[in-house]
1. Considering only residues that are at pLDDT 80 or above and open to solvent by less than 100 Å² (accessible area, probe 1.4 Å), which ones fall in the range 32-42?
2. Restricting to the range 10-31, give me the number of residues that are hydrophobic (A, V, I, L, M, F, W, C) and either closer than 16 Å to residue 50 by Cα or at pLDDT below 90 (or both).
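The values are calculated or read from the model by the stated rules, or taken from the named source; none is laboratory data. Model, not experiment: these values are computed from the prediction. Accessible surface areas use protein heavy atoms only, side chains included; no ligands, DNA or RNA. Shrake-Rupley method; radii C 1.70, N 1.55, O 1.52, S 1.80 Å.
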Amino acid sequence: MSAVSARCGRWEPSSFNAGIFRPAPVAEVTEESFDEHADLGFKDQYFTLQRSCPS
């Protein structure tokens with residue numbers, strides 16, 4: 001995180017964003033696909049924020 005701050009200056013945790021797009025009808029979405037989207041949309045952002053907090 002210090003390397004990011006040194007290069008980019010101040011940053012906002014609200015700007016954490018990532019995504020993938022694999023369109024499928026609701027009935028065809030697998031649990032694996034759902035988990036992948038959920039992890040990327042929430043879990044990865046949470047732990048990135050956690051790592052960025054001063055200890």
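1. Here is the first cut: in the range 32-42, the residues at pLDDT 80 or above are 32-40, 42.
Those that are at pLDDT 80 or above and open to solvent by less than 100 Å² (accessible area, probe 1.4 Å): 33, 35, 36, 37, 38, 39, 40.
2. Filtering the range 10-31 for residues hydrophobic (A, V, I, L, M, F, W, C) gives 11, 16, 18, 20-21, 24, 26-27, 29.
Add one more test, that the residue is either closer than 16 Å to residue 50 by Cα or at pLDDT below 90 (or both), and what stays is 11, 16, 18, 20-21.
Result for the range 10-31: 5.
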